[in-house]
Amino acid sequence: NNIVAIVGRPNVGKSTFFNRLIQRREAIVDSVSGVTRDRNYGKSEWNGKEFSVIDTGGYIKGSDDIFEGEIRRQVELAIDEADVIVFVVDVEEGITPMDEEVSKLLRKITKPVLLVVNKVDNAMREKDAVEFYNLGLGEYYTIAGMSGSGTGELLDALVELLPEAQAPDPDAEVLPRFAVVGRPNAGKSSFINALIGEDRLVVTDIAGTTRDAIDTTYNRFGFKFNLVDTAGIRRKAKVKEDLEFYSVMRSVRAIEHSDICILVIDATRGFEGQDQSIFWLAEKNRKGVVVLVNKWDLVEKDTMTTRDYERKIREELQPFTDVPILFVSALTKQRLLKALETSVQVFESRRQRIATSKLNELMLPIIENNPPPALKGKYIKIKFCMQLPTPTPQFVFFCNLPQYVKEPYKRYIENKLREHFDFNGVPIDIYFRQK
Ligand code: GDP
């Protein structure tokens, strides 16, 4: 759940550094095909520690002439949302007024800051870099973004600074953690208020595993659940791009901290780009998803039927087509209970464990009937399968030639699993391995 933010003025090499971190990860986890990527966010891991990386600068349009206010907001955002801040400067340019501005902000905070001097690719530059002590941020790391030298040491230091994950309390009751996410004005707060009501039945307040996300336990309509609340870190955004970026950043935090993402969209606007990236974030993090089409009271029902609307959204969700979609109104409280029930159901589906015997009895005949196509005259035999003891559903199929099993067959297997078990709204992973 750790978040690392990269800050710095444009052209210092933040994106090169970001891409270097992310590629390592992309090579390990296969990416979801056909889904738009968010360039500003990715997962990385080093020395066995996983973390998310946000390139805040990637968002700023234009190049050199950016406003001071803009960079200030960028840094404040990183300070709010990240666990560790990586501040990148450029040895070729030396200290610029903007670097000083950023340092001033970073010197005031208690979160760890790593100062990284980029483009240090020879001994001369190594000497030049000492000027950055003047920023008052202490020790710095030198890297050469292009060749990647120095990155290893930097990452060693970085993961040392990440807070240790808190071990879960084995006696604690396992409650679903819901994150209500979506664009500004989609109706998230209204939905939450309608759901928990004025008579907020707050049971306990427990601090989440990350500093900024707080879980609050509620008991409504006979369901006990936690809502992930990131409200403590609200800042007023001034321009529209900022507002959207802020809400994506907040979503990152909330999504990572949750089990199930309740994605609220505005029925009067439809499924838009930002909804897509939030959905993608949830999928990428293997969270369960329920889509609520809110403000349904405002939609003229004879011009746009529910079925048409639903079909349109499902097209946007491709290839994840079995996500529950509900048409609700936070205002009239239409289908609120249903929304809660469905979210709890997705939570249960996500943590279900299918007995190995049951899984094999079902899947082996299906595979027998329709085996993976032979490749280069070689037959692929799948002999056995099981669900892995992982927090999200993962299945492994043991076979003689796992490398020959292609994507379409994987999809076929996934569809069969979805046909026979309830995995609505739940991402599942399928692996083929040699026994
Ligand atoms: P948030 O930014 O996602 O938390 O959105 P809000 O909950 O603040 O809602 C934004 C606006 O939409 C407010 O003016 C709400 O009153 C309005 N709104 C929210 N839900 C509904 C709904 O179901 N129907 C209608 N008609 N208006 C709604």
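If you count the DSSP beta bridges with both ends in segment 282-435, what percent of them are antiparallel, to the nearest 5?
So the antiparallel bridges amount to about 45 percent of the total.
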- prompt: Considering amide H positions built from the backbone, and no H for Pro or chain starts, which residues 5 or more places from residue 140, or on another chain, come under 5 Å of its amide H?
  reply: none
message: Give me the one-decimal nm value for the distance between modelled label points at residue 364 and residue 406, 7 Å along each residue's Cα-to-Cβ direction.
response: 2.8
- prompt: Order of 400-411, 416-427 by packing, highest average Cβ count within 10 Å first?
  reply: 416-427, 400-411
- prompt: Quick one: if you stick a label point 7 Å off each Cα along the C-beta vector at residue 422 and residue 434, how many nm between them?
  reply: 4.0
- prompt: How far, in nm, would the chain grow between residue 185 and residue 300 when pulled straight, counting 0.36 nm per residue and subtracting the alpha carbon separation?
  reply: 39.4 nm
message: Report the gain in length on full extension from residue 133 to residue 269: 0.36 nm times residue separation, minus Cα-Cα distance, nm rounded to one decimal.
response: 43.9 nm
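Using a ≥ b ≥ c from the Cα gyration tensor of segment 88-164 (square roots of the eigenvalues), is it rounded, prolate or oblate, where a/c under 1.5 gives rounded and otherwise the larger of a/b and b/c decides, a/b for prolate?
Working: a/c = 2.23, a/b = 1.10, b/c = 2.03.
Cα axes put segment 88-164 in the oblate bin.
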message: How big is the dipole moment of segment 98-149 about its Cα centre under a simple scheme where the beta carbon of each Lys and Arg is +1, that of each Asp and Glu is -1, and everything else is neutral? Debye, nearest 20, please.
response: 220
- prompt: Of 337, 363, 349, which is farthest on the positive side of the dipole of segment 310-435, counting Cα position, with +1 on Lys and Arg Cβ, -1 on Asp and Glu Cβ, and the Cα centre as origin?
  reply: 363
- prompt: Between residue 321 and residue 76, what length in nm is gained on full extension when 0.36 nm per residue of separation is reduced by their alpha carbon distance?
  reply: 84.4 nm
- line: Computed about the Cα centre, the charge dipole of segment 249-331 from +1 Lys/Arg and -1 Asp/Glu charges at the Cβ has a magnitude in debye, to the nearest 20, of 240
task: Between residue 122 and residue 388, take the C-beta separation as r, use R0 = 35 Å, and let me know the FRET efficiency to the nearest 0.05.
output: 0.15
statement: Flagged as over-length at 26 Å C-alpha distance, from 43/312; 43/416; 104/284; 287/410; 224/287, the pairs are 43/312; 43/416; 104/284
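Any read-out appearing in this document is the output of simple, stated calculations on the displayed coordinates, not a laboratory observation. All values derive from a computational prediction rather than experimental measurement. Note that we place each Cβ from the backbone using ideal geometry, even for glycine, and neighbour counts take in every protein chain shown.
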